[in-house]
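A.B. asks: Attaching a single structure in C-alpha cells format; questions to follow.
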Amino acid sequence: MSCSSSEDIPEQCKELFTQDGVLLKASIGRPISDLNSIGMLCIVQNGDGTKCIEWRPNDLITIDSDTQDQEWAVVHTIGRRQRTLSGNMTSDYAAARARIVRIPLDELKTFKVTRNSQQMQFTTKPGIWQNTFYFQHGNAEIFVAYLKNHVKTAKTRHDRNTYVVVEPNNESQVLNRSFAELDIFTENTTDVVWNLVSNFKQRPYETTMEAFSKLTDIVYYGNEGLNGKRDVSEEVADLLTRSMSALEDATTASRAEEYEVISVKPTLPPRPCIPRGTPLSTEKWEGLQDTDGRILEVDGVKQLIFRGGVAHSIRHSVWKYLLDYYPWSATSSELRALQKRKTEEYFSMKLQWRSITDKQESRFSEYRERKSLVEKDVNRTDRTHPFYSGDNNPNLIVLQDILMTYVMYNFDLGYVQGMSDILAPLLLLLGNEVDSFWCFAGFMERIASNFDMDQAGMKQQLLNLQQLLTFASPELAKHLASKDSGNMYFCFRWLLVWFKREFSHRDIMRLWEVLWTGLPCANFHLFICVAILDAEKDVLISGDYGFTEILKHVNDLSMCLDVDKILSTAEGIYHQVISAPHLTDQVRVILGMPITKVEPVAKETDNGKPDMEEVTLEYNGLQISVVTQTVWALLA
C-alpha cells in the first residue's frame, strides 16, 4: 500500500523519523520550479510493512497540519498558529501531494553524505544520483543514523562518504563478491563462503578461527581496505557476528550441565550524587572582569553558573551575556554603543507596526490574526503574579508591545501561543523594554523549532526524549510503551516552554540560567525530563497508569518540583549515561557527542604478522571490535 493516498495517510502510513528544513536540490524528472523548495525528509512505513524515504514540500505540510491525528491533538495545551489557504483545498492538496519525492527502501542502492554533513544524495540505479537534498541545519548525520536502523549499509572503499545498501536476501552473494574483490582467498570464493557459513554449527570453534585467519589482512588494514579494493564493512561484520555467536552458543551448550546460564542485560554504572554549588556572586562576577569591562574566563563563568546559578542581584547583567545580547569579549564602552544601537533598532521595528492604520490592518489578515492572538495571550499570562495582576496593568502593555515588535523582527515565525510564557520572566527580571526584547530574541533563537508550524521540532525532541529514557530507564520506558505513552506526548508542555509552567518564577529563573550555559552537553533539558520522570517512576508503574492518568499526574506536578534536586538528579543521570560501556551512537548524537571510532594500532612481529590490532566494524547499528593479537594466539 503506497503512502500516496491522501485520505489514508494517518491510518496507513506511519512516520518513523522526520527532519524539517530540507531543500530539494535536484531530482530527475522534476520541473525546475520544484528545486530549492523547502520541505521535510521522512522515513515512513506503509500499511503493508514496506518502508520508504519521502520528501514533502512545506505547502503540503501546512495543509496536512490541519488534519493531524487526534492523538497528537490531545496534548495541544497550546494551540497552533492561525493561517489561511487560498484557492480550492482539494486541488491545492492534490498538487502538493504530486510533488512528494519517494524512494522505496527496498529499491535504494546507494546514498552519499557530503558538504559537512549537510547534503545527501540517493539513487536506486547505479551510475547516477537521482535525488539530492540539502539539510539547512546540518543534521544529515542524524538522518543517516536513523536510516541505518532500517537498511544494512557498507561504506565504499573509494569514498568514505558513500554507503552501499546491502540486500538482506542476498547476503551470501554479497559476501562472495566482497571476498572476491578483496582477493582474500586463493581458493574458489563461492566454495569458501559456503563452507564457512554451513560449518558454523558443525565446527563453530574451528570455523570461527578460519574466518578470522582469512580476514586478518583486512583487520590489519582496518577501514582502509587493500590497495583501492572495496571495504568489507558490514558484510564481513555479519560473518564475524555469526561466527562468534555460533562459537558462543556452542561453548554455552557444552557447559550447560556445569553452569547455570544467566542472561545479563546492560546496566548503567552507579548514579553519582552531585551536590549543587553556590550561585555566582556579585564579588566573583566583578572579579571576572578586566579593567575595560571584558568578561574573563568565559568557560569558567559558565561552569560556575551551571553548578549553582546566578545571584539574583546580578541576573539583570549576566542574563544579557547568556542570551547573546552582550558579547562576552565586549568592553564597557562597546556595550554602551551596542545598547544605543539596539535601542534605535528596537524602536524602529516597533514604529513599523504602531504606524499601521486601521484600513491597512483591515487588509492585512495575517498581521491582524497575530495581533489578536498576542492580545488574548497577554491577558492571561501570569495574571496571578503581582507584576502582571490587576486591570490596566502597564506591564501588560509592555509585554504586548515586545511581542508585537517580535512579529516585525521575525515575521516568518511571527507569534505563536506560548511565547508570552517565555517572555514574562524576562520582563519581570529586567524591567527594561529594550533589554527584555533582545534577551527574548536570543532565547527564541535557541528554541524557535519548538514553535514550527508543522511541529517537526517538537516531534524530534519527543523522539529524542523517548530514546534517552529508554537508555537511562528501560523499565519505565517499557511501562510507558505498554500504556500507549511511549510517544512521550505528556511531556509536550515541558519541552515547548522549557518547564515554565512547572516552576515558580524564582525557580524557573534558576533552571533557565543553568540550561543557557549549554553544559554539560547538548539537549541537557532532556535530562531534566528524565530526572522528573525518574522521581515519579514508582508511582507511574505501581499505579499502572494509562495515558490519561499519566498526563494528569504530570500536569499535577506543576509547582511541586524541587529545582535543585532535579538539577542534581539530571546531572547524575547524565554521568551514568556517558559512562555506560554500551553507550550507543544514537544517544551520542542526541548529546552532541562524536561518533565513536577506533583507530588501528599495530606493530609487526618477527614473522611479519601484526602483533596487536584493534578495529571496529559496524553492522546494523552494532559495533564489533576485533583484536588480532588474540586471533594469532589462538591460531598458533
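A.B. asks: Out of all the residues in the stretch 474-494, which are of a type in the set (A, V, I, L, M), in contact with a Leu (Cβ under 7 Å, 6 or more places away or on another chain), open to solvent by less than 10 Å² (accessible area, probe 1.4 Å) and in a helix (DSSP H, G or I)? Before you say what the answer is, go through the steps one by one.
C.D. replies: First, the residues of the stretch 474-494 that are of a type in the set (A, V, I, L, M): 476-477, 480-481, 488.
This time we only want the ones that are in contact with a Leu (Cβ under 7 Å, 6 or more places away or on another chain), so: 476-477, 488.
Right, trim to open to solvent by less than 10 Å² (accessible area, probe 1.4 Å) and you get 476, 488.
Correct list: Leu476 only.
A.B. asks: Determine, yes or no, whether Val74 is at pLDDT below 80 and surrounded by 14 or more Cβ atoms within 10 Å (Cβ to Cβ). I'd like the intermediate steps shown before the answer.
C.D. replies: Working: at pLDDT below 80: yes; surrounded by 14 or more Cβ atoms within 10 Å (Cβ to Cβ): yes.
In short, yes.
A.B. asks: So which residues in the stretch 250-299 are more than 30 Å from Ile578 (Cβ to Cβ), part of a loop (DSSP other than H, G, I, E, B), modelled with pLDDT of 50 or more and among the acidic types (Asp, Glu)?
C.D. replies: Once the filter is applied, which keeps residues that are more than 30 Å from Ile578 (Cβ to Cβ), part of a loop (DSSP other than H, G, I, E, B), modelled with pLDDT of 50 or more and among the acidic types (Asp, Glu), the stretch 250-299 yields Asp290, Asp292.
A.B. asks: Out of Lys302, Lys320, Lys350, Lys342, which single residue is open to solvent by 50 Å² or more (accessible area, probe 1.4 Å), on the phi < 0 side of the Ramachandran plot and in a helix (DSSP H, G or I)?
C.D. replies: Lys302
A.B. asks: Please work out if Ser313 is open to solvent by less than 60 Å² (accessible area, probe 1.4 Å) and either touching a residue at least 12 places away in the same chain (Cβ under 8 Å) or within 18 Å of Val514 (Cα to Cα) (or both). Show your work before the answer.
C.D. replies: Working: open to solvent by less than 60 Å² (accessible area, probe 1.4 Å): no; either touching a residue at least 12 places away in the same chain (Cβ under 8 Å) or within 18 Å of Val514 (Cα to Cα) (or both): yes.
Here the answer is no, as Ser313 does not meet what is asked.
A.B. asks: Of all residues in the stretch 468-482, how many are touching a Gly at 6+ places or on another chain (Cβ under 9 Å) and of a type in the set (D, E, K, R)?
C.D. replies: Number of matching residues: 1.
A.B. asks: Within the group Arg501, Arg493, which residue is farther than 19 Å from Leu469 by Cβ, touching a residue at least 60 places away in the same chain (Cβ under 8 Å) and not small (Gly, Ala, Ser)?
C.D. replies: Values: Arg493 fails: farther than 19 Å from Leu469 by Cβ.
Only one candidate passes the filter, namely Arg501.
A.B. asks: Taking the criterion of being surrounded by fewer than 18 Cβ atoms within 10 Å (Cβ to Cβ) and over 19 Å from Leu268 (Cα atoms), would at least one residue in the stretch 527-535 satisfy it? Spell out the reasoning first.
C.D. replies: Pass one, the stretch 527-535, residues surrounded by fewer than 18 Cβ atoms within 10 Å (Cβ to Cβ): 535.
Okay, now just the ones that are also over 19 Å from Leu268 (Cα atoms), so none.
No: zero hits.
A.B. asks: Let me ask something else. Looking at Glu345, is it closer than 19 Å to Pro394 by Cβ, of a type in the set (Asp, Glu) and modelled with pLDDT of 90 or more?
C.D. replies: Values: closer than 19 Å to Pro394 by Cβ: no; of a type in the set (Asp, Glu): yes; modelled with pLDDT of 90 or more: yes.
No: the conditions fail for Glu345.
A.B. asks: Now for a separate question. Condition first: polar (S, T, N, Q) and either touching a Lys or Arg at 6+ places or on another chain (Cβ under 7 Å) or more than 17 Å from Asn450 (Cβ to Cβ) (or both). Now tell me which residues in the stretch 382-416 satisfy that.
C.D. replies: Residues of the stretch 382-416 that are polar (S, T, N, Q), as a first pass: 384, 389, 392-393, 395, 400, 405, 410.
Scanning the stretch 382-416 gives Thr384, Ser389, Asn392, Asn393, Asn395, Gln400, Thr405.
A.B. asks: Looking at the stretch 109-165, which of its residues are of a type in the set (Ser, Thr, Tyr), in a loop (DSSP other than H, G, I, E, B) and without any contact (Cβ under 8 Å) to a residue 40 or more places away in the chain? Outline the logic, then answer.
C.D. replies: So the first thing to find is which residues in the stretch 109-165 are of a type in the set (Ser, Thr, Tyr), and the list is 110, 114, 117, 123-124, 132, 134, 146, 153, 156, 162-163.
Right, trim to in a loop (DSSP other than H, G, I, E, B) and you get 117, 124, 156.
Of everything in the stretch 109-165, those that are of a type in the set (Ser, Thr, Tyr), in a loop (DSSP other than H, G, I, E, B) and without any contact (Cβ under 8 Å) to a residue 40 or more places away in the chain turn out to be Ser117, Thr124.
A.B. asks: Right, another one. Does the stretch 374-384 contain any residue that is in a helix (DSSP H, G or I) and open to solvent by 90 Å² or more (accessible area, probe 1.4 Å)? Talk me through it step by step, then tell me what you get.
C.D. replies: Of the residues in the stretch 374-384, the ones in a helix (DSSP H, G or I) are 374-378.
With the extra rule that they be open to solvent by 90 Å² or more (accessible area, probe 1.4 Å), the set shrinks to 376.
Yes, the conditions are met somewhere in the stretch 374-384.
A.B. asks: In the stretch 272-322, what residues are β-branched (Val, Ile, Thr) and closer than 18 Å to Ser332 by Cβ?
C.D. replies: Thr282, Thr291, Ile295, Val298, Val301, Ile314, Val318
A.B. asks: Among the residues of the stretch 282-299, how many are surrounded by 13 or more Cβ atoms within 10 Å (Cβ to Cβ), of a type in the set (D, E, K, R) and either under 26 Å from Leu428 (Cβ atoms) or touching an Asp or Glu at 6+ places or on another chain (Cβ under 6 Å) (or both)?
C.D. replies: So the answer is 1.
A.B. asks: Among the residues of the stretch 323-339, write down those that are over 19 Å from Arg510 (Cα atoms) and either assigned to a helix (DSSP H, G or I) or of a type in the set (A, V, I, L, M, F, W, C) (or both).
C.D. replies: Residues satisfying the conditions are Trp328, Ala330, Ser332, Ser333, Glu334, Leu335, Arg336, Ala337, Leu338, Gln339.
A.B. asks: Given the condition of a type in the set (A, V, I, L, M, F, W, C), modelled with pLDDT under 95, within 25 Å of Ile356 (Cβ to Cβ) and open to solvent by less than 10 Å² (accessible area, probe 1.4 Å), answer yes or no: does some residue in the stretch 399-411 qualify?
C.D. replies: Narrowing the stretch 399-411 to residues of a type in the set (A, V, I, L, M, F, W, C): 399, 402-404, 407-408, 411.
Cutting the leftovers down to modelled with pLDDT under 95 gives us 407-408, 411.
Then keep just the ones that are within 25 Å of Ile356 (Cβ to Cβ); that gives 407-408, 411.
Next, from what is left, pick out any that are open to solvent by less than 10 Å² (accessible area, probe 1.4 Å): 407.
Yes, some residue in the stretch 399-411 is of a type in the set (A, V, I, L, M, F, W, C), modelled with pLDDT under 95, within 25 Å of Ile356 (Cβ to Cβ) and open to solvent by less than 10 Å² (accessible area, probe 1.4 Å).
The values are calculated or read from the model by the stated rules, or taken from the named source; none is laboratory data. None of these values were measured; they are calculated from a predicted model. Backbone-built Cβ (ideal geometry, glycine too); neighbour counts: all protein chains shown. What goes into the accessible areas is simple: the full protein's heavy atoms, side chains included, and nothing from ligands, DNA or RNA. Shrake-Rupley method; radii C 1.70, N 1.55, O 1.52, S 1.80 Å.
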